[in-house]
Amino acid sequence: MPCIFCEIGAGRVPADIVYSSPEVTAFRDINAQAPTHLLIIPNRHLVSIADLRPEDAPLLANLVSVANELARREGIADTGYRIVTNCGLNGGQTVPHLHLHLMGGRSMGWPPG
Ligand code: DGP
């Protein structure tokens, strides 16, 4: 089975894409948990944040920078937002391709469930 997020990043599976570059793609989560809920992925397959190596620091910076820019574009920058990445079973990760969740547009609780 091909990786669904690799397929979305490559444009072979449709998604509501809000940002695309050679390195990063962002699209709306199919199961949104907030008025704004975007997923920001590296186009290159990495299973999770645990896969990042020191030389991937520019990629991580790019992912966060895109998330911050999208927060501005979505109009949630001033009210605040959450950037989350789930890692592995206990982290609640269900899609094994590194992704940042960008969520905003409502007040969020802490700790998360
Ligand atoms: P996580 O549980 O952290 O691995 O989050 C995976 C998220 O991906 C989950 O919120 C639902 C979303 N998702 C899963 N499959 C698809 C898909 O095919 N398209 C889109 N847009 N989102 C998906």
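FYI, it's all coordinate maths here, none of it is from the lab. These numbers come from a predicted model, not from an experiment. Every residue, glycine among them, receives a Cβ derived from its backbone with ideal geometry; neighbour counts consider all protein chains shown.
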>> For a test of the definition: using alpha carbon positions, the gyration tensor, and the 1.5 limit on a/c, classify the stretch 1-56 as rounded, prolate or oblate.
In response: prolate
> Is the shape of the stretch 32-93 rounded, prolate or oblate, going by the alpha carbon gyration tensor and its root eigenvalues a ≥ b ≥ c, with a/c under 1.5 for rounded and a/b larger than b/c for prolate?
Replying inline: oblate
>> Under 25 °C and 0.890 mPa s, how fast does the chain diffuse according to Stokes-Einstein, given a Kirkwood radius computed over C-alpha pairs? Answer in µm²/s, whole number.
In response: 171
> Given a Förster radius of 30 Å and the C-beta distance between Cys3 and Met108 as r, what FRET efficiency does 1/(1 + (r/R0)^6) yield to the nearest 0.05?
Replying inline: 0.60
> For Ala15, what is the net charge nearby, where nearby means another residue's Cβ is under 13 Å from its Cβ and Lys, Arg count +1, Asp, Glu -1?
Replying inline: -1
>> Only four residue types carry charge here, +1 at the Cβ of Lys and Arg and -1 at the Cβ of Asp and Glu. Report the dipole size of the stretch 21-113 about the Cα centre in Debye, rounded to the nearest 20.
In response: 200
>> Using amide H atoms built in the peptide plane, which far-off residues or other-chain residues are under 5 Å from Tyr19 H to H?
In response: Ala26
>> Taking the Cα centroid of the stretch 99-113 and of the stretch 23-86, what is the distance between the two, rounded to the nearest whole Å?
In response: 13
> Helix 57-73: angle to the longest alpha-carbon principal axis of the chain, degrees 0 to 90, nearest 10?
Replying inline: 40
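With an 8 Å Cα cut-off and a minimum separation of 6 or more residues, compute the relative contact order for the stretch 7-113 in percent.
On the way: 153 pairs, mean separation 31.1, N = 107.
Answer for the stretch 7-113 is 29 percent.
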